[in-house]
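Worksheet: the structure to be examined is printed underneath.
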Amino acid sequence: MTIRTSLCDTVGIEYPIVQAPIGSATNPELAAAVSNAGGLGHLAITWRDREETAKLVRDTRERTDDPFAVNLVLDDATTSVDTCDHLEAILSAGPDVVTFSFGDAAPYVDRVHEADALAFQTVGSAAAARESVDSGVDVVVTQGLEAGGHVQSEVATTALVPRVADAVGDEVPVVAAGGIADGRGIAAALALGADGAWLGTRFVATTQAHVHETYRDRVLESDETDTRYTTLYEKGWPGMPHRVLENDTLERWEDAGRPSPGNRPGENDVVATTESGTPIERYDEALATPDVDGEIAEMALYAGQSAGVVEACRPAEDVLEALVTELREAAWDLESRIGSDSKA
């Protein structure tokens with residue numbers, strides 16, 4: 001069975017599968033592995049300076065001749081680098097796609113196109129999707145409430161995707177994000193009207209992901225009921241909702257009656273430090289990377305509700321192969337269950 005959608009044709013990828021920009025967990029090795037396997041690999045660079053940003057993009061380009069994406073968060077609270085300057089650093093290094101989230105991509109779309117790249121915009125409603133298409137974006141990404149990490153929607157994926165698909169019609173491809181971690185989920189997204197799927201939690205559990213072993217293990221051992229949608233880890237990005245795995249930090253806060261920032265249990269506790277000695281406080285939004293030392297389990301362990309179907313850590317290229325196989329099997333199974341020759 002051939003698996004090809006308008007997303008594949010627009011971006012020039014083999015399969016309609018996108019690795020989400022999972023913060024500090026991304027790196028050139030992961031992004032290139034996904035792209036080389038036929039999907040769309042992704043770098044997250046928002047908090048990096050211009051020089052490091054350009055270097056990471058160049059390093060990824062050296063590892064793959066296939067399309068890959070770079071994500072830029074537009075919320076000023078996340079970076080000290082001017083967005084226009086940051087975008088120039090990205091584009092100068094030659095990515096194929098720039099994805100924008102948590103803000104309006106409209107002021108930057110023309111510049112992306114001038115660099116012969118594509119612009120994606122993440123949205124959380126049909127109205128936002130329509131505005132994005134009108135501004136000239138090439139692909140719309142719908143992020144559902146089930147997603148791990150920082151979340152910009154209060155609508156479930158199954159409700160959001162059809163609404164967005166109806167709002168934009170055939171004008172641009174739609175990519176579904178949130179709660180998808182296997183081929184069945186991808187098939188469901190396509191059935192809802194999406195042209196591709198955006199997976200984050202599944203790629204946290206890959207050998208190339210730049211994550212601490214304790215974090216990866218927690219993802220692998222968790223199920224669909226073990227995450228919480230909250231604003232608890234707000235130091236570094238105040239007020240932005242996110243989905244994380246349950247841990248003692250979250251439980252202590254809930255037991256205390258969910259007090260506001262400044263009054264939470266262990267408010268100024270240093271639970272870990274980076275390799276350079278930078279302290280990570282209990283409610284920091286920092287991601288647990290391999291160089292972090294300390295009480296990793298007390299940190300923000302970002303994961304979506306799809307964690308329950310993530311059962312093993314594999315190389316990213318093997319994950320792509322498995323996803324494609326699962327997608328084909330899901331499509332065949334659905335056809336056999338409903339019957340291709342059913343009469344009305």
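Any read-out appearing in this document is the output of simple, stated calculations on the displayed coordinates, not a laboratory observation. Model, not experiment: these values are computed from the prediction. Cβ sites come from the backbone with ideal geometry, for glycine too, and all protein chains shown count toward neighbours.
Remark: the range 121-134, residue by residue, has Karplus-estimated 3J(HN,Hα) of 10, 8, 9, x, 7, 5, 5, 5, 5, 4, 5, 5, 4, 5 Hz, where x stands for each Gly or Pro and the curve is 6.51 cos²θ - 1.76 cosθ + 1.60 at θ = phi - 60°. The Cβ shell under 14 Å around Val151 holds other residues with a net charge of -3, Lys and Arg each +1, Asp and Glu each -1. Per-residue 3J(HN,Hα) values for the range 96-107, derived from phi via the Karplus relation 6.51 cos²θ - 1.76 cosθ + 1.60 with θ = phi - 60°, read 8, 9, 10, 9, 10, 9, 6, x, 8, 7, 3, x Hz in sequence order (x marks Gly and Pro).
Charges only on Cβ, +1 for Lys and Arg, -1 for Asp and Glu: so what's the dipole of the range 213-306 about the Cα centre, in debye to the nearest 20?
Around 400 debye, computed over the range 213-306.
When Ile296, Ile186 are arranged by Cβ crowding within 10 Å, least crowded first, meaning fewest neighbours, the order is Ile296, Ile186.
Can you give the calculated 222 nm mean residue ellipticity of the chain, where each DSSP H run of n ≥ 4 adds -39,500 (n - 2.57) and the sum is split over every residue, rounded to the nearest 500 deg cm²/dmol? Don't jump to the answer; show the numbers that get you there.
On the way: 12 runs with 123 residues, N = 344.
One gets -10500 deg cm²/dmol as the mean residue ellipticity at 222 nm.
Summing charges over neighbours of Ala119, with a neighbour being any other residue whose Cβ is under 10 Å away from its Cβ, gives -1 when K and R count +1 and D and E count -1.
Each Lys and Arg contributes +1 and each Asp and Glu -1, all at the Cβ; summed about the Cα centre of the chain, the dipole is approximately 520 debye. Taking other C-beta atoms within 10 Å as the exposure proxy, Tyr215, Tyr108 rank Tyr108, Tyr215 from fewest upward. The slack in the chain from Lys55 to Leu334, taken as 0.36 nm per residue of separation less the alpha-carbon distance, amounts to 96.0 nm.
By average Cβ neighbour count within 10 Å, what is the ranking of 83-92, 240-249 from highest down? Could the numbers behind the result be given before it?
Working: 83-92: 18.0, 240-249: 19.8.
By packing density, highest mean first, the sequence is 240-249, 83-92.
Along the charge dipole of the range 213-306, pointing to its positive end and built from +1/-1 on Cβ of Lys, Arg, Asp and Glu, which listed residue (Leu220, Thr273, Tyr283) has its Cα farthest out? Result: Tyr283. If you take the square roots of the eigenvalues of the alpha-carbon gyration tensor of the range 213-306 and sort them as a ≥ b ≥ c, do you get rounded (a/c under 1.5), prolate (a/b over b/c) or oblate? Oblate, since a/c reaches 1.5 and b/c is not below a/b. Within the chain, what percent of beta bridges assigned by DSSP are antiparallel, to the nearest 5? Percentage antiparallel, nearest 5: 30.
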